[in-house]
Amino acid sequence: MKRWRAAGLGGVRWAGLLASAVLAWACGEPESTSGGVKTATTPRVVHVVVGDSGYNPSQVKVLADEPIELIFRRTSDSACGKELVFPERKIVKQLPLNRDVSVQLMAKAEETIHFTCGMGMLKGSVVAVKALPEGA
Ligand SMILES: [Cu+2]
């Protein structure tokens, strides 16, 4: 919760800087063709643990138009987190304790897809980035 808030406020300025850097980079190179872009046919799997302190990781970085399978696993028996909601995608899932629940989606360029618990207390997001960090 605290981490989320810090990232949200302090992150704005950074996001602006980052966005202009990314734009400058993107303009020099058409992104439609090959050139190191993964052409994934099967979704890349990202595991998200739903624990006492929220989603881990709380931010999932993906490439635009990359099929992603998020596998949520709730490991905390507190009421929070039992329900998983993707408001923009109109997805609602129940998360049974210690069971994998799969959500498949694809982010568009520059898109941020939010996910929350049923009460909107836990927050996470799927963010489309131009390039994934090494080892992701
Ligand atoms: Cu909640």
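When we measure straight from the Cα of residue 130, which aspartates and glutamates land under 12 angstrom away, once same-chain ones fewer than 8 places off are left out?
Here the aspartates and glutamates satisfying the reach criterion relative to residue 130 are 29, 31, 65, 66, 110, 111.
Taking amide hydrogens as modeled 1.01 Å from N in the peptide plane, which residues meet the under 5 Å criterion relative to residue 60, leaving out close sequence neighbours?
Under 5 Å from the amide H of residue 60 lie the amide H atoms of 125, 126, 127, each far enough along the sequence or on another chain.
Assign one of three labels to the stretch 37-129, namely rounded, prolate or oblate, based on the Cα gyration tensor with a ≥ b ≥ c the square roots of its eigenvalues; rounded applies when a/c is under 1.5, prolate when it is not and a/b is larger than b/c, and oblate otherwise.
prolate
Applying a 10 Å radius around every beta-carbon, put 95-103, 83-91 in order of their mean neighbour count, most first.
Descending packing order for the listed peptides: 83-91, 95-103.
Every number here is computed from the coordinates shown, using simple stated rules; none is lab data. Computed from a prediction, not measured in an experiment: that's the story for all the values here. Ideal geometry is used to build each Cβ from the backbone, glycine not excepted, and the neighbour counts take in all protein chains shown.
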